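Visitor: Can you keep this structure in mind? I'll have questions shortly.
The values are calculated or read from the model by the stated rules, or taken from the named source; none is laboratory data. This structure is a prediction, so every number in the text was calculated from the model and none was measured. Cβ atoms come from the backbone with ideal geometry, glycine included; neighbour counts cover every protein chain shown. Only protein heavy atoms, including side chains, enter the accessible area calculation; ligands, DNA and RNA are left aside. Shrake-Rupley method; radii C 1.70, N 1.55, O 1.52, S 1.80 Å.
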Amino acid sequence: MNTVKKSKFLDEFKEFILRGSVLDLAVAVVIGGAFQKIVTSFVTDIISPFLGMITGNANIASWSVTINNAKITYGSFVQSIIDFILVAFFIFLLIKGINTLRRKQLAEVAAKKAAETVEVNQISPEEKLLTEIRDILKNQSR
């Protein structure tokens, strides 16, 4: 690869990396990874022991069933499903909160625009009086 092609390639790559959407995605992945750790800890340290008390087995991850000579350990899978449901639920709550705030903000902006429109469309008493005088003069001149 000659230096001109290499330079163009690097310029395109730099442009791609510095786009806002790529940076936003990178931040989202990092925050999502940290959030996943929190949810996993919540499931492992709080939900799993609670379910273990109910079912009589203290560790969900160790749940298994043996069929013939095959041991099927489904506990980790159940724990992953609980993780997923909790992550989806918390993301739902987050998006719902953001949408509520956004609707409130849009309503405030719309109300402000409506108030400004009313103020612009209102006629001052002097303008109203001058309009009435103009109309009277028009009618008299006919």
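Visitor: Can you give the calculated 222 nm mean residue ellipticity of the chain, where each DSSP H run of n ≥ 4 adds -39,500 (n - 2.57) and the sum is split over every residue, rounded to the nearest 500 deg cm²/dmol?
Guide: -27000 deg cm²/dmol
Visitor: Determine which lysines satisfy two conditions relative to residue 5: a Cα distance under 16 Å, and not lying fewer than 8 residues away in the same chain.
Guide: Counting by Cα, and skipping residues close in sequence, residue 5 has these lysines nearby: 14.
Visitor: Hey, another quick one. Run the quick spin-label model on residue 29 and residue 113: label points 7 Å from Cα toward the beta carbon, then report their separation in nm to one decimal.
Guide: Spacing of the two 7 Å Cα→Cβ label points: 3.8 nm.
Visitor: How long, wide and thick is region 1-135, going by the Cα atoms along their three principal axes, in whole angstroms, largest first?
Guide: Here the spans come out as 103, 64, 24 Å, largest first.
Visitor: Quickly rank 95-105, 40-50 as a protection proxy: mean count of other C-beta atoms within 10 Å, highest first.
Guide: 40-50, 95-105
Visitor: Roughly how many percent of the accessible protein surface of region 64-114 is carbon and sulfur, given a 1.4 Å probe and a whole-percent answer?
Guide: The value for region 64-114 is 69 percent carbon and sulfur by accessible area.
Visitor: Would you mind giving the average projected area, over all directions, of the Cα convex hull of region 1-76 in nm² with one decimal?
Guide: Across all orientations, region 1-76 yields a mean hull projection of 10.0 nm².
Visitor: Subtracting the Cα-Cα distance from 0.36 nm times the residue separation, let me have the gained length for residue 133 to residue 88 in nm, one decimal.
Guide: Between residue 133 and residue 88, full extension yields 9.4 nm more.
Visitor: Using θ = phi - 60° and the Karplus curve 6.51 cos²θ - 1.76 cosθ + 1.60, what whole-Hz ³J(HN,Hα) does each residue of region 26-42 get, with Gly and Pro shown as x?
Guide: Using θ = phi - 60°, the values come out as 4, 5, 4, 5, 5, 5, x, x, 5, 5, 4, 4, 5, 5, 4, 5, 4 Hz.
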